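Working notes for the structure below.
The values are calculated or read from the model by the stated rules, or taken from the named source; none is laboratory data. Everything quoted here is computed from the prediction, not taken from an experiment. Virtual Cβ from ideal backbone geometry, glycine too; neighbours counted across all protein chains shown. Note: areas computed on protein heavy atoms with side chains; ligands, DNA, RNA excluded. Shrake-Rupley method; radii C 1.70, N 1.55, O 1.52, S 1.80 Å.
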Amino acid sequence: MTGVRFLALALALCAGLLLGACSKTQEASKATAAEDVTEVKLIPAYESLDKDKDGIVTLAEVDAVAPDWAERLHACDTDRNKTLSRGEYDVCKQTSTSH
């Protein structure tokens with residue numbers, strides 16, 4: 001009878017340890033998922049890039065207002081005139097959100 005009690009106790013202990021380990025893994029993955037979501041940055045609004053509010057967004061303004069987006073937005077200046085037209089911005093925004 002002692003062997004049966006020992007086996008039952010050992011099984012209960014193992015089950016408890018396994019369940020505890022599994023729940024910690026799930027908690028860690030939830031935290032990681034939450035951290036990933038907070039790292040997503042939205043492309044700034046076109047109007048917010050126009051620092052001097054003259055209706056023209058220059059690449060210099062992009063560098064000053066949105067340095068995190070500068071490289072991406074510079075690449076969107078397809079006609080290489082050192083400004084970002086509304087059309088160029090709209091295309092850039094669409095391709096940024098699809099990735």
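May I ask for the net charge around Thr58, where only other residues with Cβ less than 11 Å from the Cβ of Thr58 are counted and Lys, Arg are +1 while Asp, Glu are -1? Could the numbers behind the result be given before it?
On the way: positive: Lys51, Lys82; negative: Asp50, Asp52, Asp54, Glu61, Asp63, Asp77.
Charge balance in the 11 Å sphere: -4.
Quick one: if you stick a label point 7 Å off each Cα along the C-beta vector at Glu47 and Asp63, how many nm between them?
2.7
Leaving out ligands, DNA and RNA but keeping every protein chain, what accessible area does Thr95 have, in Å² rounded to the nearest 10, with a 1.4 Å probe?
Approximately 50 Å² for this residue.
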